[in-house]
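Participant: Would you mind keeping the following structure in view while I ask a few things?
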Amino acid sequence: MIAAALLAGLLGLQTEPPGNVLILVADDLGQDQLGLYGWTDAAPTPNLAALAAGGVLFWNAWALPTCSPTRATLQTGRHAFRTGIGAVIPAHGGGPGLPLDEVTLPELLDLGTGGAYAHAAIGKWHLGTSRVGGDLAPNQAGYAHFAGSLEGQIERYDHWRRVEDGVAAHTSRYATSVCVDDALAWIHAQSRPWLCVVSFQAPHAPFHRPPAGLHTQALPAADPRENCGDAGGDPRPFVRAAVQALDTEIGRLLVGLPSGALARTTVFFLGDNGSESCIARPPTTNRAKGTLYESGLRVPFLAAGRGVTARGTSTALVGVVDLFATVAELAGIDLAATLPGHVLDSVSLVPCLADRRARVRTWLHAEAFAPIGPGTPQALPACPPGGVCQPSLGLDGPGAAVLTACGPPLYGRAGLHAVAWQLAGAPPDAAAWLLIGSFAPAWVPSLGAWLASPTPERVLAYRTGTDGTLARTLWTAAGARRRHYQMVIADASQPHGFTVTDALRMEFLASDQRAVRGPRYKLIRFDPCTEAFFDLARDPYELTNLLEGGLTAEERVAYDGLVGVMAGVR
């Protein structure tokens with residue numbers, strides 16, 4: 001019933017200004033979770049289907065691979081390298097936030113319309129707090145009203161910290177429903193055109209069991225794991241329930257608008273990044289949220305309502321960054337006159353709202369980098385012509401075993417570093433332990449050796465080969481800038497029964513990953529030494545890196561063109 005009423009409201013549009021703008025953002029919702037994009041076994045979403053039927057469904061829409069960077073580009077119309085937000089922002093503590101000198105959507109409306117628009121942000125913020133206003137961070141960023149959560153992940157959907165204009169209190173009400181309640185309360189109090197950005201936590205972890213009245217899924221009796229990395233039951237049925245509950249509440253929001261308001265409102269619905277790895281389809285454990293593969297970047301994106309006269313699916317290249325210029329044009333704002341000299345990366349999608357065949361972009365750009373904050377991303381050195389060996393600190397002995405880590409420089413990727421290490425000269429078929437920790441050298445009498453980390457943070461067990469060697473690649477979190485590796489091997493020939501290798505200091509480098517794509521081809525540069533090039537028309541799941549074979553003449557032209565685009569963005 002809600003979906004039918006929604007579609008009827010959309011088709012009875014009025015075109016005269018002024019108009020409202022409603023931006024609905026789902027969290028960790030990839031295209032693979034919606035039947036709108038052809039996926040079977042998806043949750044029923046009749047209200048989103050009604051929106052799509054009354055407007056334009058974008059097929060090639062990019063966000064950024066994680067929450068905070070996407071939200072920063074949406075609010076500012078600027079790429080992540082301009083805002084310094086290239087990775088997830090810690091919600092609390094001393095982490096950076098969206099700089100207050102960035103011009104945000106509400107500030108654009110204030111400047112461009114002389115304060116004619118009311119504005120509010122509802123739901124998830126996740127653009128920093130401690131350095132940018134604390135609990136008043138969304139208000140300091142320009143929003144006259146905020147009600148929602150500041151962190152990236154709430155404690156539970158039925159117990160979380162809700163902040164309203166700087167005042168915090170815990171609530172036990174279901175988070176998705178509270179977003180709709182808060183949005184409707186604010187919208188009904190407005191007497192002038194408005195912008196309302198409603199950012200839902202759903203279906204982001206913690207995975208949970210939504211209220212029964214909001215979905216029709218037959219859920220297992222056992223509760224799911226709360227996060228992808230936890231042990232426990234399969235979260236996918238519960239995610240489907242959360243998506244259906246989200247759709248139900250979006251329907252309640254749209255039909256609950258004041259009389260006639262829907263016809264005067266342009267509605268956008270989008271995701272902030274792809275689905276998490278344990279629920280993404282097809283299963284792509286290293287290519288979902290947090291990565292620059294399509295499963296991490298391509299998100300649901302649709303527009304309907306006032307000013308959207310096109311109907312159907314659009315294959316135009318569009319980005320979340322483009323909402324800034326789109327809102328400006330819908331509000332009648334001349335960006336060049338309102339923000340003279342201000343560098344924007346946003347392109348208005350208004351032509352696509354009138355004609356689904358319109359094209360406003362020839363390429364898309366996405367990035368992920370760490371650390372984040374002012375002055376980032378850091379400039380990375382060129383790829384060295386040969387391999388790099390991580391520096392040895394000595395401390396070796398007894399025994400003749402040698403630990404090395406030689407290969408490409410340790411550039412970060414998705415918050416991780418791939419450390420390829422090698423052991424040689426050890427006793428054959430022997431128990432071996434890799435010690436990893438901070439540098440605090442001490443003599444250990446029981447080993448008859450110095451250890452770089454006598455109380456290591458991690459100890460990993462292995463067994464040497466018949467030739468006394470080992471070779472492994474270990475993914476290491478990027479949190480610590482320096483980590484120290486050393487191996488202890490059982491060796492009956494030594495006085496204390498052990499061989500101890502030298503110690504290595506791993507020099508982890510900054511991460512700066514980038515991706516660009518055109519209508520067909522895509523280039524990912526993971527670091528100065530590693531890149532991949534894909535033909536998305538023939539290889540939509542990015543399984544074949546064309547750079548590993550010879551490029552055809554057409555592919556070479558496309559590759560060179562994307563290299564030029566990437567170089568020209570910054």
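Participant: For the range 118-140, which residues satisfy the criterion of being of a type outside the set (S, T, N, Q) and farther than 16 Å from Val198 by Cβ?
Facilitator: Matches in the range 118-140: Gly128, Arg131, Val132, Gly133, Gly134, Asp135, Leu136, Ala137.
Participant: Filter the range 87-128 for residues that are surrounded by fewer than 24 Cβ atoms within 10 Å (Cβ to Cβ), of a type in the set (A, V, I, L, M, F, W, C) and assigned to a helix (DSSP H, G or I) and give the result.
Facilitator: Leu111
Participant: Let me ask you something else. So in the range 158-198, with the set limited to residues that are polar (S, T, N, Q) and out of contact with any Asp or Glu (no Cβ under 7 Å at 6 or more places or on another chain), which one is surrounded by the fewest Cβ atoms within 10 Å (Cβ to Cβ)? Show your work before the answer.
Facilitator: If we filter the range 158-198 for residues that are polar (S, T, N, Q), which is where we start, we get 171-172, 176-177, 190-191.
Filter once more, keeping what is out of contact with any Asp or Glu (no Cβ under 7 Å at 6 or more places or on another chain): 171, 190-191.
Values: Thr171: 13, Gln190: 17, Ser191: 6.
Step by step, filter the range 158-198, then rank; the result is Ser191.
Participant: Related question: Please find, within the range 434-487, the residue that is surrounded by the most Cβ atoms within 10 Å (Cβ to Cβ) out of those that are among the hydroxyl-bearing types (Ser, Thr, Tyr) and touching a residue at least 60 places away in the same chain (Cβ under 8 Å).
Facilitator: Tyr485
Participant: Let me ask something else. Would you point out which residue out of Ala442, Ala414 is under 30 Å from Leu64 (Cβ atoms), touching a Pro at 6+ places or on another chain (Cβ under 8 Å) and of a type outside the set (Phe, Trp, Tyr)?
Facilitator: Numbers: Ala442 fails: under 30 Å from Leu64 (Cβ atoms).
Result of the check over Ala442, Ala414: Ala414.
Participant: Just name the residue that is farthest from Glu276 (Cα to Cα) out of those in the range 223-239 that are in contact (Cβ under 8 Å) with a residue 24 or more places away in the chain and crowded, with 21+ Cβ neighbours inside 10 Å.
Facilitator: Going through the qualifying residues, I end up with Phe238.
Participant: Which one of these does His204 not meet: (1) crowded, with 19+ Cβ neighbours inside 10 Å; (2) within 14 Å of Ile122 (Cα to Cα); (3) not polar (S, T, N, Q)?
Facilitator: His204 satisfies all of (1) crowded, with 19+ Cβ neighbours inside 10 Å; (2) within 14 Å of Ile122 (Cα to Cα); (3) not polar (S, T, N, Q) except (2).
Participant: When the residues of the range 187-227 are narrowed to those that are in contact with a strand residue (DSSP E or B) (Cβ under 6 Å, 6 or more places away or on another chain) and small (Gly, Ala, Ser), which ends up farthest from Gly19 (Cα to Cα)?
Facilitator: In this case the residue turns out to be Ala222.
Participant: Take the range 524-570 and flag every residue that is closer than 28 Å to Gly387 by Cβ, surrounded by 15 or more Cβ atoms within 10 Å (Cβ to Cβ) and touching a His at 6+ places or on another chain (Cβ under 9 Å).
Facilitator: Met566
Participant: Still on this model: Which of the residues spanning the range 373-410 are in contact with a Cys (Cβ under 8 Å, 6 or more places away or on another chain) and within 16 Å of Thr499 (Cβ to Cβ)?
Facilitator: Listed by number, the list holds a single entry, Thr404.
Participant: Hey, can you tell me all the residues within the range 314-370 that are among the aromatic types (Phe, Trp, Tyr) and either in a loop (DSSP other than H, G, I, E, B) or closer than 23 Å to Ala567 by Cβ (or both)?
Facilitator: So in the range 314-370, the residues among the aromatic types (Phe, Trp, Tyr) come out as 324, 363, 369.
Trp363, Phe369 - these are the residues of the range 314-370 that are among the aromatic types (Phe, Trp, Tyr) and either in a loop (DSSP other than H, G, I, E, B) or closer than 23 Å to Ala567 by Cβ (or both).
Participant: Can you tell me how many residues within the range 457-467 are modelled with pLDDT of 95 or more and touching a strand residue (DSSP E or B) at 6+ places or on another chain (Cβ under 7 Å)?
Facilitator: Taking the range 457-467 as the starting set, the residues that turn out to be modelled with pLDDT of 95 or more are 459-467.
Still in the running and touching a strand residue (DSSP E or B) at 6+ places or on another chain (Cβ under 7 Å): 459-464.
Total satisfying the criteria: 6.
The values are calculated or read from the model by the stated rules, or taken from the named source; none is laboratory data. Being a predicted model, the structure only gives us computed values, none of them experimental. Cβ: placed from backbone, ideal geometry, glycine included. Neighbour counts: every protein chain shown.
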